[in-house]
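Working notes, beginning with the structure itself.
Since every read-out is calculated from the coordinates, none of them should be taken as a lab result. Quantities reported herein were computed from a predicted structural model and do not represent experimental measurements. Neighbour counts are summed over all protein chains in view; Cβ atoms, including those assigned to glycine, are modelled from backbone coordinates with ideal geometry.
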């Protein structure tokens, strides 16, 4: 499984923590930037990560900005993306099981590093339930 990573300047430091976690766990990833804390435009990174997930280059994506809101809005504009802003492990688990979310969005300025890493771990290690009701609901979202 390969994870697509992207952030803006507000998420750069948390992205570095996530990279360390992924390396420690032996999880492959592709870092689409940004590469420092200089001001940049989050939609650019949301689009490239979203496209890498939709085209199958990466199985899942993680996007980080200050609040996670902008990234989730931008990523969800790409057809086939189900990006979820999660600030707790329950939401990360539920969105994978019920919504088959394929991109996790995090707010670096609202979620502490340690907690964010637990959310990441939950998101990437939770599978979609494949329950008929959830498949039906995802279909309704995609119409």
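Key figures for this structure:
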{"quantity": "For the range 44-63 versus the range 100-118, the gap between their alpha-carbon centres in whole angstrom", "calculated": "16 Å"}
{"quantity": "Which of 79, 126 has the fewest Cβ neighbours within 10 Å, and the rest in rising order", "calculated": "79, 126"}
{"quantity": "Sequence of 14, 140, 117 once ranked by neighbouring C-beta atoms within 10 Å, starting from the fewest", "calculated": "140, 117, 14"}
{"quantity": "Contour excess over end-to-end distance, with Cα ends at residue 38 and residue 2 and 0.36 nm allotted per residue", "calculated": "10.3 nm"}
{"quantity": "Mean separation of Cα contacts under 8 Å (6+ apart) over length of the chain, as relative contact order %", "calculated": "24 percent"}
{"quantity": "Using alpha-carbon coordinates, inclination of helix 89-99 to the longest axis of the chain, degrees", "calculated": "40 degrees"}
{"quantity": "C-alpha long axis of helix 113-124 to longest principal axis of the chain, angle in °", "calculated": "30 degrees"}
{"quantity": "Computed Rg/Rh of the range 57-115, alpha carbon atoms with Kirkwood Rh", "calculated": "0.95"}
{"quantity": "Residue 134-residue 98 pseudo-label distance in nm [points 7 Å out on the Cα-to-Cβ vector]", "calculated": "1.0 nm"}
{"quantity": "The range 12-143: mean projected area of Cα convex hull, nm²", "calculated": "7.5 nm²"}
{"quantity": "Proxy reagent accessibility, fewest Cβ within 10 Å first, across 44, 8, 131", "calculated": "131, 44, 8"}
{"quantity": "In degrees, nearest ten, helix 12-25 long axis to first principal axis of the chain (Cα)", "calculated": "70 degrees"}
